[in-house]
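Peer 1: Here it is, the structure, as structure tokens.
The values are calculated or read from the model by the stated rules, or taken from the named source; none is laboratory data. All values derive from a computational prediction rather than experimental measurement. Cβ coordinates were reconstructed from backbone atoms using ideal geometry, including for glycine residues, and neighbour counts include every protein chain displayed. These area figures cover heavy atoms from the full protein model, side chains too; ligands, DNA and RNA do not enter into them. Shrake-Rupley method; radii C 1.70, N 1.55, O 1.52, S 1.80 Å.
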Amino acid sequence: MTLFKLISLYLLVGVLMNLWYDVSISYLKNEDLRFSALERVFFTIVWPLYLILIIINIIKSIINGSDE
């Protein structure tokens with residue numbers, strides 16, 4: 001795979017993660033959590049960190065139960 005294809009794939013996954021986040025926010029009906037344009041760009045670049053945080057929080061909630 002060429003470098004251009006790898007970068008394109010990386011950015012595509014970041015955009016898809018942004019889409020997933022927006023759909024989740026719409027489902028929760030909590031517009032206060034929606035990202036600004038700058039936050040979207042940042043999220044697209046560092047999406048693996050957010051994915052790791054999501055996985056860690058899911059595991060914590062399964063182990064400890066819900067916080068409610």
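Peer 1: For helix 47-64, what angle does its Cα long axis make with the longest principal axis of the chain, in degrees from 0 to 90 and rounded to 10?
Peer 2: 20
Peer 1: Pick out, in residue order, every one of the trypsin sites (Lys or Arg not before Pro) in the chain that is DSSP loop and has at most 10 other C-beta atoms within 10 Å; say none if there are none. It would help to have the intermediate numbers written out before the result.
Peer 2: Details: sites: LYS5, LYS29, ARG34, ARG40, LYS60; in loops: LYS29, ARG34.
Listed in order of number, the matching sites are LYS29.
Peer 1: Pull out the extension gain between LEU16 and PHE35, defined as 0.36 nm times the separation in residues minus the alpha carbon to alpha carbon distance; nm, one decimal.
Peer 2: 5.4 nm is the gain from fully extending LEU16 to PHE35.
Peer 1: A follow-up question, please. Find the percent of Cα-Cα distances in the range 17-68 that exceed 15 Å, and round it to a whole number. Walk me through the numbers before you get to the answer.
Peer 2: Working: 757 of 1326 pairs.
For the range 17-68, the fraction of Cα-Cα distances above 15 Å is 57 percent.
Peer 1: Working from Cα positions, state the angle (0 to 90°, nearest 10) between the long axis of helix 3-28 and the longest principal axis of the chain.
Peer 2: Its long axis makes an angle of about 30 degrees.
Peer 1: In Å², what does the accessible area per residue of the chain work out to with a 1.4 Å probe?
Peer 2: Working: 5720 Å² over 68 residues.
Accessible area per residue: 84 Å².
Peer 1: In the chain, what percent of the accessible surface is made up of carbon and sulfur (1.4 Å probe, ligands and nucleic acids excluded)?
Peer 2: 73
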